[in-house]
1. How about region 1-21: which of its residues are small (Gly, Ala, Ser), within 8 Å of the ligand (Cβ to nearest atom) and part of a helix (DSSP H, G or I)?
2. Failed condition for Leu56, given (1) at pLDDT below 95; (2) aliphatic (A, V, I, L, M); (3) near the ligand (Cβ under 10 Å from one of its atoms), with all others met?
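The values are calculated or read from the model by the stated rules, or taken from the named source; none is laboratory data. Quick caveat: nothing in here was measured; it's all calculated off a predicted structure. Positions of Cβ are backbone-derived with ideal geometry, glycine not excepted, and every protein chain shown enters the neighbour counts.
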Amino acid sequence: MRKDAQTMKQVAERCTRYSADESCGCGCGSASNSTKSDCVTCQTCKHYNRENVCDLDLYEEIMKNHNL
Ligand code: SF4
């Protein structure tokens with residue numbers, strides 16, 4: 001399974017459950033931040049856990065569904 005920065009970004013952009021983790025420090029948790037999409041990636045998602053795995057098991061599914 002590919003898990004590079006670009007793939008994680010593409011997956012997160014297509015993910016309906018993406019939820020910005022405010023602790024990522026880039027301000028993407030704030031709705032007024034116009035650069036929000038710049039940091040949409042699984043790495044900044046609340047569902048991405050310490051083991052670098054999606055809590056909801058969506059990563060692989062999205063990759064498959066979108067041929068990423
Ligand atoms: S970590 Fe999971 S829920 Fe979050 S954007 Fe990635 S695939 Fe979606």
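1. Ala12, the sole residue that qualifies.
2. Every listed condition holds for Leu56 apart from (1).
For (1) at pLDDT 90 or above; (2) polar (S, T, N, Q); (3) over 21 Å from Asn67 (Cα atoms); (4) under 9 Å from the mean Cα position of the chain (by Cα), each residue gets a yes or a no:
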| site | (1), (2), (3), (4) |
| --- | --- |
| Ala20 | no, no, yes, yes |
| Gly25 | no, no, yes, no |
| Thr35 | no, yes, yes, no |
| Asp38 | no, no, yes, no |
| Cys42 | yes, no, no, yes |
| Glu51 | yes, no, yes, no |
